[in-house]
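Novice: Pasting a structure here, questions to come.
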Amino acid sequence: MGTSVSSTMAPLGRLVFGDFVIDPQAAQLLKQDRAVDLRPKSFEVLCLLARNAERVVSRDELAAAVWRGRVATDESIAQCVSDIRRALGDADQRLLQTVPRRGYVLKAPVRQSSGESIGPGPEMERAAPSVTERPSIVVLPFANLSKGARLDMLARGFTEDTTAGLARYAQLFVIGRESATAWSESARDARSIGRAAGVRFVVQGSLRWSAGQVRIAAKLVRAEGDAVVWADHFDGADDQLFAFQDEIVGRIVAALVDSVDRHSHQRARHSGTDSLSAYELFLQGRELRRTILPANFPLAESLLERATALDPDFAPAYGELAFLQHYALATRSGSRSRAEQLERGLQMARRAYELAPDLPFGSLVLGNLHIWAGDFVEAERWSRRAIRLGPGDAENHAGLANVLSFLADRSEEAVELMHMANRHNPIRPPLHEHYLARALSYVGRYEEALPIAQSCLRRAPGFWPCMQVLAVVLAHLGRIPEAAAALSDWQRQRGVEAPSIFLAQHHKLPGPEFDRMREGLRLAGLADA
């Protein structure tokens, strides 16, 4: 195998991470001095992962060290992992993460009770590289050193678009915006943020506006040691914001990657606008679209249309207008007919593609719109193209996962793609929770799906697709009264006939996965399911 993991059978003191303590001598997991129930085999798996914290441990290594020669099926290992996540309260999989086709990793600093760090040495890192073997990076929210909510929004937009610019390089591994924001709020120094995010480099910066002028300061910091790799500042008129953004992305890439193809860098330059007013309207529309609440879509569409009126060549704004139609189709909302929504969505998406063929978001939305046209071959082709153009963006992996969930017997692939999206953006948005919970329910992994669907509804209470998934999952788990309540909530929000219309018009191809959904709704009390 190239190297062996630290064995759970070796003499071992207490291991500490977060609020938890592993006591191997007593074979106990403790949280704040209270024992947490965990089956013996699951406890051994947790010990092994903790001894090899922040390193990917393969299924073969787990089987050899924990089962010691006896047969260990994938199901047995998965059950142990599920037990551990339940014990840790890790439904979001922020601590114990699945690395597709590689194994599992405990993403937490672990120390012995004496204070000694636990984790792989340099030799083990080289022998078993993790998914962050590429230069890994997180862009922290740029600080707005001026006053005003408008400037806060511009700073957020600048940060996100800088992140997206970096995510277009396959040479880099980039952490998504929700996670970057969460980690920046909990820690300030690059060392602790790098450890929490599991990355080697941190981008920090600030923006200051005054009388139409902007100053942008940015630096690239190596997390280990807080060493500054590159730092600079840029001064000019505020309509130069986007040129500065391209310059910062280029400087970061040059500092991280030994050799970057010049054509690739030119291709990855922003496909945006030089109109600050259009950009502000775009940011407002995008934020409303991301709430995933249909009540916000009309205003989002109005703002984005105003952005394209100011700049008719603003490709990302057309992409957002197209995605709004995809959302309207998915949530069965809006005043247009479904045929009109699809036609308008495709028209806007094709306009975005014509203006910027290498914009990942344009391909992402074309892929998702083709679901509603019933052309799943094109849906998958465009979605895979989005990943090729932006391999470091969680949104692109989630977009393909959504497409595959509509195909027969492809939801296991969707689950793996969502885990990859989660690696790029562990603090995933509610829509990604919906995608993952739905895919898990389709393949019968109801225990795993339940807390994710519940979290989606807590964070986006009016999002009925998660009500539908929750009803199905609870029903299959035998929790019929709760399933009936979720079904009733859906009907109360969308109308009594909504679930029946959903089943009749759903675009998922027939097969066992669709049958599980239908059966779950029947068990929840839908008479004509």
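Novice: For the range 363-393, give me the residue count where each residue is out of contact with any Asp or Glu (no Cβ under 9 Å at 6 or more places or on another chain) and either hydrophobic (A, V, I, L, M, F, W, C) or under 23 Å from PRO430 (Cα atoms) (or both). Walk me through how you get there before you give the answer.
Specialist: We begin by selecting, within the range 363-393, every residue out of contact with any Asp or Glu (no Cβ under 9 Å at 6 or more places or on another chain); these are 363, 368-369, 371-385, 388, 390-393.
From the residues that got through so far, the ones that are either hydrophobic (A, V, I, L, M, F, W, C) or under 23 Å from PRO430 (Cα atoms) (or both) too are 363, 368-369, 371-373, 376-377, 379-380, 382-384, 390-393.
Matching residues across the range 363-393 total 17.
Novice: Among the numbered criteria (1) out of contact with any strand residue (DSSP E or B) (no Cβ under 9 Å at 6 or more places or on another chain); (2) crowded, with 24+ Cβ neighbours inside 10 Å, which single criterion is violated by ILE427?
Specialist: Every condition holds for ILE427 apart from (2).
Novice: So ALA87 clears everything in (1) out of contact with any strand residue (DSSP E or B) (no Cβ under 6 Å at 6 or more places or on another chain); (2) assigned to a helix (DSSP H, G or I); (3) closer than 22 Å to VAL415 by Cα; (4) among the small types (Gly, Ala, Ser) except one condition, right? Which one?
Specialist: (1)
Novice: From VAL260, VAL221, which residue is at negative phi and at pLDDT 85 or above?
Specialist: Result: VAL221 is the single residue among VAL260, VAL221 that is at negative phi and at pLDDT 85 or above.
Novice: Would you confirm whether or not the range 450-463 contains a residue that is among the β-branched types (Val, Ile, Thr), closer than 22 Å to GLU75 by Cα, under 17 Å from the mean Cα position of the chain (by Cα) and crowded, with 21+ Cβ neighbours inside 10 Å?
Specialist: yes
Novice: Looking only at the range 204-214, decide whether some residue is within 25 Å of the chain's Cα centre (by Cα) and among the aliphatic types (A, V, I, L, M).
Specialist: no
Novice: Residues of the range 283-304 being among the polar types (S, T, N, Q), in a helix (DSSP H, G or I) and closer than 19 Å to ARG459 by Cβ, which ones?
Specialist: ASN296
Novice: Please verify whether SER184 is in the same structural domain as THR163 (by TED's automatic domain parsing) and modelled with pLDDT under 80, treating the condition exactly as stated.
Specialist: Numbers: in the same structural domain as THR163 (by TED's automatic domain parsing): yes; modelled with pLDDT under 80: yes.
In short, yes.
Novice: Quick check: is even one residue across the range 459-468 of a type outside the set (Asp, Glu), under 24 Å from ASP83 (Cβ atoms) and either assigned to a helix (DSSP H, G or I) or in contact (Cβ under 8 Å) with a residue 40 or more places away in the chain (or both)?
Specialist: no
Novice: ARG438: among the charged types (D, E, K, R) and either surrounded by fewer than 24 Cβ atoms within 10 Å (Cβ to Cβ) or assigned to a helix (DSSP H, G or I) (or both), yes or no?
Specialist: Yes, satisfied.
Novice: Out of everything in the range 163-221 that is surrounded by fewer than 17 Cβ atoms within 10 Å (Cβ to Cβ) and among the hydrophobic types (A, V, I, L, M, F, W, C), what residue ends up being farthest from ALA394 (Cα to Cα)?
Specialist: So, considering only residues that are surrounded by fewer than 17 Cβ atoms within 10 Å (Cβ to Cβ) and among the hydrophobic types (A, V, I, L, M, F, W, C), the one farthest from ALA394 (Cα to Cα) is ALA211.
Novice: Assuming SER411 fulfils every condition listed in (1) polar (S, T, N, Q); (2) in contact with a His (Cβ under 8 Å, 6 or more places away or on another chain); (3) closer than 30 Å to THR163 by Cα apart from one, which condition is it?
Specialist: (2)
Novice: I've got another one for you. Of the conditions (1) among the polar types (S, T, N, Q); (2) in contact (Cβ under 8 Å) with a residue 24 or more places away in the chain; (3) in a helix (DSSP H, G or I), SER333 fails just one. Which one is it?
Specialist: Condition not satisfied by SER333: (3).
Novice: What is the residue count in the range 439-486 for residues that are of a type in the set (Phe, Trp, Tyr) and within 19 Å of ASP515 (Cβ to Cβ)?
Specialist: Residues meeting the conditions: 2.
Novice: While we're on this one: Which members of the range 305-319 meet the condition of being surrounded by fewer than 18 Cβ atoms within 10 Å (Cβ to Cβ) and touching a Gly at 6+ places or on another chain (Cβ under 9 Å)?
Specialist: Answer for the range 305-319, where residues must be surrounded by fewer than 18 Cβ atoms within 10 Å (Cβ to Cβ) and touching a Gly at 6+ places or on another chain (Cβ under 9 Å): GLU305, ARG306.
Novice: Oh, and also: Checking the condition free of Cβ contacts under 8 Å to residues at least 40 places away in the same chain, crowded, with 21+ Cβ neighbours inside 10 Å and at negative phi, which residue from VAL403, VAL377 passes?
Specialist: Residue meeting the stated conditions: VAL403.
The values are calculated or read from the model by the stated rules, or taken from the named source; none is laboratory data. Predicted model only: the values in this text are computed from it and were never measured. No Cβ is skipped: glycine too gets one built from the backbone with ideal geometry, and neighbour counts run over all protein chains shown.
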